[in-house]
Amino acid sequence: MGGWGWGVHDLGGLSLEMSLMSQCSTCTAIVMNVYCIIFVLRLFSWFSAATGSSIVGGEVSLPHSRPYMASLHSHGAYVCGGVLIRKDFVLTAAHCFNESMTVILGAHNIRKREKSQQRIDVDKFHPHPNYTQHDGNDVMLLKLQPNAKLNKYVQLIEVPKGKTTLQTNTKCIVAGWGQTVGGKKQPGTTSDVLKETTEKTQFPFECKNVWQYYFHSDRMMCTRPEKKGGVCWGDSGGPIICNDELQGITSFVYRDDCSYRKYPHVFTKIHPFLTWIKKVMRRNVAA
């Protein structure tokens, strides 16, 4: 699976360097500059590569077994995943925003014009008003026009009704059309067909230790794949389903190797945004 996301060039260079320099306060006057430069360059590498997500490894999904899946395209090119939560709304990641976007529903092979597919333009974009690369809130609603037609190929997925406490090492399913190989991003390696695999939830402190102040446990969760692989570039906005319930959407991964197990995969939790989601959808009542 693959993904699309954000890069370090958007992080605000001055404030980032100042905050990083403070972590080097114990260095000697000469060594301090060397270590701080190395540290800044390492963080730059981490985040300029955390650009969303695709499925590496895993297996091809049973065709149309996940009828809530949405494939997001801009100017004819696949960019992200998403899920249909109302016949006129798709939930995805805020960093997937493109000025012109088409949603494909009912798809298994997104390179083909399957009879099951519905191609619908995005009428309105609703990224979370507090979305930033530093603070997260990486969630967006897409208002469709016209509405999706629900059938055996296109179905809704329920958002959680409230907060769910997941035990560490809970097996969860992720799915998407993203990149199918780890390591550096390789053009043309996204999947034509929907793929899925399982990942296990981790302790929040494990994510905090790696991602530092880019990880916020109140609105993010993290996982590691059971085997080498999992979500990758291009899987952004796609779902993570735990205990048969939608729990989050793919947000970011380690840029240099999306399947490197040292760096947990990060997802935006849905339940902290339920009030906002309901408010947006109330203002846009389906016909």
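Just give me the residues in the stretch 90-126 being open to solvent by 50 Å² or more (accessible area, probe 1.4 Å), hydroxyl-bearing (S, T, Y) and touching a Phe, Trp or Tyr at 6+ places or on another chain (Cβ under 7 Å), in sequence order.
Across the stretch 90-126, there are no qualifying residues.
Which condition from (1) touching a residue at least 60 places away in the same chain (Cβ under 8 Å); (2) over 21 Å from I157 (Cα atoms); (3) within 15 Å of the chain's Cα centre (by Cα) is the one that C222 breaks?
(1)
So how many residues does the stretch 70-89 have that are modelled with pLDDT of 95 or more, open to solvent by 40 Å² or more (accessible area, probe 1.4 Å) and part of a strand (DSSP E or B)?
Of the residues in that region, 1 qualify.
Kindly indicate which of T165, T189 is β-branched (V, I, T) and out of contact with any Ser or Thr (no Cβ under 9 Å at 6 or more places or on another chain).
T165
For Y153, which of the numbered conditions (1) open to solvent by 20 Å² or more (accessible area, probe 1.4 Å); (2) at pLDDT 95 or above; (3) part of a strand (DSSP E or B) fails to hold?
Failed condition: (3).
Pick from Q179, Q212: which is at pLDDT below 95, among the polar types (S, T, N, Q) and surrounded by fewer than 14 Cβ atoms within 10 Å (Cβ to Cβ)?
From the options Q179, Q212, the qualifying one is Q212.
What number of residues within the stretch 112-142 are polar (S, T, N, Q), touching a residue at least 12 places away in the same chain (Cβ under 8 Å) and farther than 20 Å from I240 by Cα?
4
Being open to solvent by less than 20 Å² (accessible area, probe 1.4 Å), in contact (Cβ under 8 Å) with a residue 60 or more places away in the chain, in contact with a His (Cβ under 6 Å, 6 or more places away or on another chain) and closer than 22 Å to D88 by Cβ narrows it down to one of V280, V231, so name that one.
None of the other options fit; the residue is V280.
The values are calculated or read from the model by the stated rules, or taken from the named source; none is laboratory data. Note that the coordinates shown come from a computational prediction; the quantities given were computed from them, not determined experimentally. Here Cβ is always computed from backbone atoms with ideal geometry, including for glycine, and neighbour counts include all displayed protein chains. To get the accessible areas, we keep the full protein, side chains included, count just its heavy atoms, and leave off ligands, DNA and RNA. Shrake-Rupley method; radii C 1.70, N 1.55, O 1.52, S 1.80 Å.
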